[in-house]
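Asks: Once you've had a glance at the structure underneath, I'll fire off some questions.
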Amino acid sequence: MGKVNYWEAAVRHYHDGKVLLSSQPVPREANADQLFGLAAECALKAILVWLGVPTDADGGVTEPGVKKHIDALWPEYVNHPDGRVAARYQVGAQNPFHDWSVHHRYLADVHAGGSAAAAHERAAFACLLAAQKALADHGGGSL
Amino acid sequence: MALEAAAGFVASQQPKVRDALLLVRDLAGRITIAVDDRRVPGAVAEIAEAVGPLYAQLAPWSPGATGAVLLASRLLDPDAIFSASGVVTLADSGVRLLDRLVTGREWLSLPPEGETGDHPPRVVFYGVKGGVGRTTAASVVALELAREGRTVLVVDLDLESPGLSHALLREEDMPARGLLDAYVDLGVGPLDEDGVRDMVQRSPVSDRPEVDGTIWVAPARGQIAGDFLGKLSRAYVDGIGSTTGFASRTVEILRRLEAQVQPDVVLIDSRAGLHDIAAVALTRLNAEIGLIFAAASTQTWSDLEVLFAAWNQRGLATVFRERLQVVAALVPELGAEDYQRRLRARAHEVFSRTLYDEEDAASLERLDAFNFDRDDESAPHWPLPVRWNRAFFDWEAMGEGHDHEAFIQPCYGELVQRVRACLPESVVERG
């Protein structure tokens, strides 16, 4: 296992999601959607790490409450101990990924989701912006 | 000093590279070099190599010897960093800096463009140390202006330890809501009319026979206390989106109160200390004058020098310095002249080091150079005296006794006159 870097991962997943979404002749929504969920998850975890949640030797989060995918992570993040600093990276109480699931990746094409890809893209973007803010706030060079 | 060293590094680069560099100071004060590699892609490798020794030199105020530069190409939204509204240009070096401070950042940026000045005159009472009689002075000024028939709106922006509201309102007069509630509400949506009405109350002082005008008070806290500490935290939190920052909320609250009360003048009591509120009050409210209540003590001037130097460093001194007026708080009865001389000297020293233009041949030529001699009475540093008198020791604006009245003129006369001078001519014509 290599070194975890949630910020880099978030940016990578987001960009690749956009590539799939803009693919021709037909946008590849199902997997784009998966990547947006993954991007948002990594963005929120990046923020949590900068805020000081415990991590293992590779830099991965260890708290059970936070070791989740985006659908379950969102409410955990929103309810995380609110400090003046944490409040800077608010993403809103409503969970836009409530209809996202990691299980979609195993399903038949027709059930694999993707119709909410555009909405999830926007939500992932918002999470990444918050993470970018946190990046600059916490010694932006040491990624 | 870390910032100077980092600025020196940037300033020593070739012009094209220099213009693509930004210093980013994080919440802990560590400095990172940010490179807009969209503009100078070829320079990245060289800079990345050069910052290693720089970071080692800056430690612990850097991302560490192995720290990297922050690249625009690796960001999702590079302009949010490189063109952030918080970026300032350092006066000495011309190097650009983005300071990520949680507190104190908003007040270091320029007044909002939307502030057209279409509001009644605002006067801020500010003191870097508590206990210098700022609140008493504000009460006296409110009383004197109301006596002359004016409608005075008093805003108690000392959210954490409000004094002025209690000086002018009895417990039973306190409105249901205070400023604190408005700050919190604005974090999630607009203020409704009822909410504004419930925040302000007429002071019983207005009913005195000698008072022709009215004093309205917007207290820091209302009757309904609720979760005070929780509210205080939420009041300071930046909302989602830039229009709900603390400074913007302060401006909005003032505008709504002014629309509600239609005052001739607004007196704002601002928190003592180098905190957001005081700093915001001085810089974002388009105040006619910022009265700085100061004692002669070393501590006071040391604190003020820090504040002024921060403005100066960011090239903002020129925006605010013309609106300042030092007030000699609590000039003692005995040794008054000596006290004022000491205070004047100290004030002049600090102003000269920070806010006044350099006294060199070039500035002496310029008619608009902003500097003043030590004994120039028209100077912002020249302390307006407020004289301590035992009559005001336990004076209360709402008190029964009027023994103090003989002392208002000798003790506060100059201060009241200075505030009066900010106002348009008399209100005798009004109804």
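Readers should treat all values here as calculations from the given coordinates under stated rules, not as data from a laboratory. This one's a predicted model, so the numbers in the text were calculated from it and none came from an experiment. Glycine also receives a Cβ, built like all others from the backbone with ideal geometry; neighbour counts cover every protein chain displayed.
Asks: What list do you get for B:Leu285, B:Leu229 if you sort them by fewest beta carbons within 10 Å?
Replies: So the ranking, lowest neighbour count to highest, is B:Leu229, B:Leu285.
Asks: Right, another one. In the protein assembly as shown, with Lys and Arg counted as +1 and Asp and Glu as -1 at Cβ, which of these residues, B:Val184, B:Leu291, A:Gly139, has the Cα nearest the positive end of the dipole, that is, farthest along it?
Replies: A:Gly139
Asks: To one decimal place, what orientation-averaged projected area in nm² is obtained for the convex hull of the Cα set of the protein assembly as shown?
Replies: 32.6
Asks: With contacts defined as alpha carbon pairs under 8 Å and 6 or more residues apart, what's the relative contact order of chain B in percent?
Replies: Contact order relative to length: 17 percent.
Asks: Restricting to bridges with both residues inside chain B, how much of the DSSP beta-bridge set is antiparallel, in percent to the nearest 5?
Replies: Of all bridge pairs located within chain B, approximately 25 percent are antiparallel.
Asks: Given +1 on the Cβ of Lys and Arg, -1 on the Cβ of Asp and Glu, and no further charges, what dipole in debye does the protein assembly as shown carry about its Cα centre, rounded to the nearest 20?
Replies: 1400
Asks: At 24 angstrom or more along the helix axis (alpha-carbon based) and mean Kyte-Doolittle of -0.5 or higher, what helices does chain A contain? Whole DSSP H runs only.
Replies: Membrane-span-like by this rule: A:29-51, A:117-137.
Asks: Relative contact order for the stretch A:1-74 using alpha-carbon pairs under 8 Å, separation at least 6, rounded to a whole percent?
Replies: The normalised contact order for the stretch A:1-74 reaches 32 percent.
Asks: A:Lys67: which lysines have alpha carbons under 24 Å from its alpha carbon, excluding same-chain residues fewer than 8 sequence positions away?
Replies: Partners within reach: A:Lys3, A:Lys45, A:Lys133.
Asks: Relative to the Cα centre, what is the charge dipole magnitude of chain A, using +1 at the beta carbon of each Lys and Arg, -1 at the beta carbon of each Asp and Glu, and rounding to the nearest 20 debye?
Replies: Result for chain A is approximately 260 debye, rounded to the nearest 20.
Asks: A further question follows. Could you work out the relative contact order of chain A, using alpha carbon pairs under 8 angstrom and six or more residues apart, expressed as a whole percent?
Replies: 33
Asks: Separate question: What are the lysines whose alpha-carbon lies under 22 Å from the alpha-carbon of B:Lys16, with same-chain residues fewer than 8 places away excluded?
Replies: List returned: none.
Asks: Right, something else. Compute the Cα gyration tensor for the stretch B:1-44, then decide on rounded, prolate or oblate, letting a ≥ b ≥ c be the square roots of its eigenvalues: rounded whenever a/c is under 1.5, prolate when a/b is larger than b/c in the other cases, and oblate in all that remain.
Replies: It is oblate, given that a/c is not under 1.5 and a/b is not larger than b/c.
Asks: Something else: Could you put A:Leu129, B:Leu70 in order, starting from the residue whose Cβ has the fewest other Cβ atoms within 10 Å?
Replies: Fewest to most other Cβ atoms nearby, the residues stand as A:Leu129, B:Leu70.
Asks: Something else about it: Which one of B:Gly195, B:Gln409, A:Ile70 is farthest out on the positive end of the charge dipole of the protein assembly as shown, using unit charges on Cβ (Lys, Arg +1; Asp, Glu -1) and the Cα centre as origin?
Replies: A:Ile70
Asks: Here is a follow-up. Treat the count of other C-beta atoms within 10 Å as a stand-in for reagent exposure and order B:Met398, B:Met174 from fewest to most.
Replies: Final ranking by Cβ density, sparse to dense: B:Met398, B:Met174.
Asks: What's the local net charge at B:Asp156, with K and R +1, D and E -1, over the other residues with C-beta under 9 Å away?
Replies: Net charge around B:Asp156: -1.
Asks: To the nearest whole percent, what portion of all C-alpha pairs in chain B is separated by more than 32 angstrom?
Replies: Here the tail beyond 32 Å accounts for 44 percent of pairs.
Asks: What 222 nm value per residue comes from the helices of chain A, counting each DSSP H run with n ≥ 4 as -39,500 (n - 2.57) and dividing by all residues, nearest 500 deg cm²/dmol?
Replies: Mean residue ellipticity at 222 nm (helix-derived): -16000 deg cm²/dmol.
Asks: So, one more: Just name one of A:Pro25, A:Ala43, A:Trp100: the one whose Cα is farthest towards the positive end of the charge dipole of chain A (beta-carbon charges, Lys/Arg +1, Asp/Glu -1).
Replies: Toward the positive end, the furthest listed residue is A:Ala43.
Asks: Follow-up question, since we're still on this one. Please identify the longest segment of chain B free of exposed trypsin sites (Lys or Arg not before Pro), where exposed means a DSSP state other than H, G, I, E or B and no more than 15 other Cβ atoms within 10 Å.
Replies: B:171-365
Asks: So if I place +1 on the C-beta of Lys and Arg and -1 on the C-beta of Asp and Glu, and nothing else carries charge, what would the dipole magnitude of chain B be about its Cα centre? I want it in debye, nearest 20.
Replies: Once rounded to the nearest 20, the dipole reads 1020 debye.
Asks: Could you pull out every residue, at least 5 positions away or on a different chain, whose amide H is within less than 5 Å of the one on B:Asp357? Hs are placed 1.01 Å off N in the peptide plane, and Pro or chain starts have none.
Replies: Hits under the 5 Å cutoff: B:Phe370, B:Asn371.
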